[in-house]
Ligand SMILES: Cc1ncc(COP(=O)(O)O)c(C=O)c1O
């Protein structure tokens with residue numbers, strides 16, 4: 001398999017067929033007697049129309065009309081846009097997703113796995129992976145990644161752990177890996193994919209946070225180029241498309257049954273897909289492929305490096321970087337400060353400096369260097385961090401006792417689906433210890449579960465459940 005150094009876009013020949021089709025439809029309007037009922041924005045609250053602009057309502061239509069094609073099955077300009085995306089990301093087939101990467105994960109579970117089958121997955125998977133198991137009835141075999149205790153986060157998955165589980169279980173439907181982690185820690189997908197191939201088990205990678213990787217050589221290599229069978233990308237997270245829009249890619253040599261995934265998607269998707277969101281995926285792909293977009297990604301990397309360098313010069317602040325144990329995505333900057341919790345640092349940045357970060361936990365906080373950020377944003381942030389480092393904040397230390405990053409390994413006592421559909425009762429949190437959970441509790445971000453249906457509730461869970469009075473458990 002050849003891994004591209006980086007894509008060569010020296011020839012500017014970028015097309016966006018769905019964007020073009022929408023433009024054409026707007027320039028050639030029809031008399032409309034169909035959904036959406038706001039009918040090009042004529043039936044809407046005027047303050048809202050003024051807020052988002054008249055044109056947004058012209059774009060806000062659904063598939064089937066105005067020769068824009070259909071999503072399920074893909075036809076017309078939507079199909080062309082998906083084909084171009086497949087080619088750009090190096091896939092055999094790409095599906096555009098509405099309802100985010102969440103629906104991609106659901107379709108993977110529903111399309112590929114059956115009740116009772118096993119899925120090897122990392123404990124810090126997104127809750128949509130677990131929801132997928134509620135739908136299909138498959139059951140997790142946990143990969144417990146390295147714990148980066150000094151950072152209070154999960155680290156990379158060890159290939160030998162994948163091999164050990166595959167060696168001892170001959171009924172595994174797939175290996176389902178989250179890569180990178182929310183904080184940007186990257187696992188050795190190449191080795192994991194070789195192990196999966198040895199056991200003839202498909203590898204699906206939830207690469208929700210890694211859609212920029214194919215567009216810059218300083219970023220990690222996309223799992224599509226490392227042998228994964230399917231990869232999910234939240235284009236809306238870091239790729240510049242609109243919120244909720246994502247992509248599911250099936251790789252060239254995938255051993256997965258693409259039809260089954262497509263059928264699952266058809267059942268899960270809305271029957272009124274938003275053309276605005278779909279066109280934003282087409283636009284994001286076209287932009288990333290263009291020279292301008294490529295330069296923008298380069299600047300995103302440079303800005304991240306700039307911020308990291310500035311933090312290197314702040315004595316009591318640190319940022320997570322690659323070391324001999326794992327690689328990181330340079331654009332995700334996880335910062336911690338001596339003497340301040342991540343949550344406290346987040347509050348100071350927000351209240352004193354009007355800065356909003358991606359997320360914060362007990363230990364640190366996450367900054368994203370995005371394609372939409374300017375260098376001056378990072379100069380300002382670095383200046384603020386310097387100011388914070390020089391000031392005494394001990395008088396207002398962060399008092400919350402809640403733990404934010406679920407770091408326990410679930411003890412599963414019942415099939416997730418069976419537990420979810422069992423008779424349940426709601427009990428006071430303190431009375432739930434020793435009972436079996438009936439619900440997913442996973443706060444976003446990062447959407448990693450605190451409790452899973454079928455999981456034994458223990459004393460250790462209590463520290464994460466500060467905000468909950470009651471928990472749903474299986475009826476005794
Ligand atoms: C690893 C991972 N997978 C999937 C998702 C779901 O993505 P979306 O919000 O696009 O539905 C998230 C969301 O945070 C995530 O972090």
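The values are calculated or read from the model by the stated rules, or taken from the named source; none is laboratory data. Note that the structure is predicted; figures quoted are calculated from it, not measured. Cβ atoms come from the backbone with ideal geometry, glycine included; neighbour counts cover every protein chain shown.
This table checks each residue for (1) farther than 29 Å from residue 289 by Cβ; (2) in a helix (DSSP H, G or I); (3) away from the ligand (no atom under 16 Å from the Cβ).
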site: 166; (1), (2), (3): yes, yes, yes
site: 174; (1), (2), (3): yes, no, no
site: 181; (1), (2), (3): no, no, no
site: 194; (1), (2), (3): yes, yes, yes
site: 201; (1), (2), (3): yes, no, yes
site: 211; (1), (2), (3): no, no, no
site: 214; (1), (2), (3): no, yes, yes
Out of 302, 260, 266, 332, I need the residue that is touching a strand residue (DSSP E or B) at 6+ places or on another chain (Cβ under 9 Å) and either assigned by TED's automatic domain parsing to the domain that holds residue 392 or modelled with pLDDT of 95 or more (or both). Which one? 332
If we scan segment 337-348, do we find a residue that is at pLDDT 95 or above and assigned to a helix (DSSP H, G or I)? no
Is it true that residue 414 is more than 16 Å from the ligand (Cβ to nearest atom), part of a loop (DSSP other than H, G, I, E, B) and surrounded by 16 or more Cβ atoms within 10 Å (Cβ to Cβ)? yes
Could you please let me know if residue 236 is within 16 Å of the ligand (Cβ to nearest atom) and farther than 18 Å from residue 112 by Cβ? yes
I'm told residue 284 meets every condition in (1) farther than 16 Å from residue 81 by Cα; (2) touching a helix residue (DSSP H, G or I) at 6+ places or on another chain (Cβ under 6 Å); (3) within 16 Å of the ligand (Cβ to nearest atom) except one. Can you identify the failing condition by its number? (1)
Does segment 61-83 include one or more residues that are in a loop (DSSP other than H, G, I, E, B), in contact with a strand residue (DSSP E or B) (Cβ under 8 Å, 6 or more places away or on another chain) and within 16 Å of the ligand (Cβ to nearest atom)? no
Condition (residue is within 12 Å of the ligand (Cβ to nearest atom) and not in a strand (DSSP E or B)) applied to segment 113-124: is it met by at least one residue? yes
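Yes or no, residue by residue, for (1) surrounded by 19 or more Cβ atoms within 10 Å (Cβ to Cβ); (2) part of a loop (DSSP other than H, G, I, E, B):
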{"site": "220", "(1), (2)": "yes, yes"}
{"site": "238", "(1), (2)": "yes, no"}
{"site": "249", "(1), (2)": "yes, no"}
{"site": "259", "(1), (2)": "no, no"}
{"site": "264", "(1), (2)": "yes, no"}
{"site": "267", "(1), (2)": "no, no"}
{"site": "311", "(1), (2)": "yes, no"}
Which residue pairs have Cβ atoms under 7 Å apart, sit 6 or more places apart or on different chains, and have a first residue in segment 236-247 that is farther than 15 Å from residue 274 by Cβ and a second that is near the ligand (Cβ under 8 Å from one of its atoms) and assigned to a loop (DSSP other than H, G, I, E, B)? 237/208; 237/209; 238/209
Looking at 434, 438, 454, which one is exposed (fewer than 15 other Cβ atoms within 10 Å of the Cβ) and either at negative phi or more than 16 Å from the ligand (Cβ to nearest atom) (or both)? 434
Exactly one condition in (1) part of a helix (DSSP H, G or I); (2) within 16 Å of the ligand (Cβ to nearest atom) is false for residue 96; which is it? (1)
Listed residues 376, 369, 422, 432; which is more than 24 Å from the chain's Cα centre (by Cα), under 26 Å from residue 238 (Cβ atoms) and modelled with pLDDT of 95 or more? 376
Residue count, segment 358-396 (criterion: in a loop (DSSP other than H, G, I, E, B) and surrounded by fewer than 18 Cβ atoms within 10 Å (Cβ to Cβ)): 5
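For segment 125-163, what are the residues that are over 25 Å from residue 328 (Cβ atoms) and more than 16 Å from the ligand (Cβ to nearest atom)? Step through it out loud before you land on a result.
Residues of segment 125-163 over 25 Å from residue 328 (Cβ atoms): 130-141.
If the condition is that a residue be over 25 Å from residue 328 (Cβ atoms) and more than 16 Å from the ligand (Cβ to nearest atom), then 136, 137, 138, 139, 141 are the ones that fit.
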